[in-house]
Amino acid sequence: MQTVGVSDFVRRQIKGTGKTYSTTLTFQEIASIAEKKLHNGNFKNGYRDGVVLIDVPKQHINLFICPLTKLKESTALKAQMVKRREDEEPYIQVRALDGEPLKTSSVELILYRKDVLEETNENTTECQWELIAFQAIPEEVKNMPMGPVTMMRNQLQLPGGTKGFYESEKWAESVKFWQRFAVLDY
């Protein structure tokens, strides 16, 4: 059976960070859900070989909090220069200062295979796969696009990115999505 470890990177997904987080599940419990589904072949291929997406079973969806709100003309926004990690270039992060959090309709677990993480020396376990992120998808969203800053890092192979190439339609979908939604600044 292929093993799924908990990447150090995913551990930033806690309450107050603007990331999807779980109210009760530990990171190890989330990785165990991924491991079972991976073993059963229940996954979708991600943006490149060695990246897979796994849907969380319905009985666990209510244990994840979606940090997104739908933007309105009256939504107050805050922009600031931030870095996720020391070795990365700063980027402009936009957050909504008001709005209602959207209801979670599904959750995707994002796994990277060990060899993909080794390309940039970012593997943090000895497992064959690592849980690197998870995202709550709101009710009105069918497919959650990758964020444009993440896509940029990946395609330009900048620090913090994992090599990838995206077609223009994927870029356009990402930009369109982030013109309609924002992370709430709790």
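Data table
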| item | result |
| --- | --- |
| Members of the range 44-71 found to be farther than 30 Å from GLY99 by Cα and either touching a helix residue (DSSP H, G or I) at 6+ places or on another chain (Cβ under 6 Å) or assigned to a strand (DSSP E or B) (or both), listed by number | LYS44, ASN45, GLY50, VAL51, VAL52 |
| Tally of residues being part of a loop (DSSP other than H, G, I, E, B) and more than 17 Å from the chain's Cα centre (by Cα) across the range 72-100 | 14 |
| Filtered residues of the range 164-186 (kept if within 18 Å of ASP49 (Cα to Cα), surrounded by 14 or more Cβ atoms within 10 Å (Cβ to Cβ) and either basic (Lys, Arg) or free of Cβ contacts under 8 Å to residues at least 60 places away in the same chain (or both)) | LYS170 |
| Test result for LEU111, part of a helix (DSSP H, G or I) and under 17 Å from PHE27 (Cβ atoms) | no |
| Yes/no for GLU73 being over 21 Å from LYS114 (Cα atoms), modelled with pLDDT under 95 and of a type outside the set (A, V, I, L, M) | no |
| Those residues of the range 161-182 which are in a loop (DSSP other than H, G, I, E, B) and not hydroxyl-bearing (Ser, Thr, Tyr), in sequence order | GLY161, LYS163, GLY164, PHE165, GLU167 |
| Filtered residues of the range 142-163 (kept if free of Cβ contacts under 8 Å to residues at least 40 places away in the same chain and closer than 29 Å to PRO101 by Cβ) | LYS142, ASN143, MET144, PRO145, GLY147, PRO148, THR150, MET151, MET152 |
| Residues of the range 10-43 classified as farther than 24 Å from PHE181 by Cα, assigned to a helix (DSSP H, G or I) and among the hydrophobic types (A, V, I, L, M, F, W, C), total | 6 |
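The values are calculated or read from the model by the stated rules, or taken from the named source; none is laboratory data. No experiment lies behind these values; they were computed from the predicted model shown. Quick reminder, even Gly has a Cβ in these numbers, built from the backbone with ideal geometry, and neighbours come from all protein chains shown.
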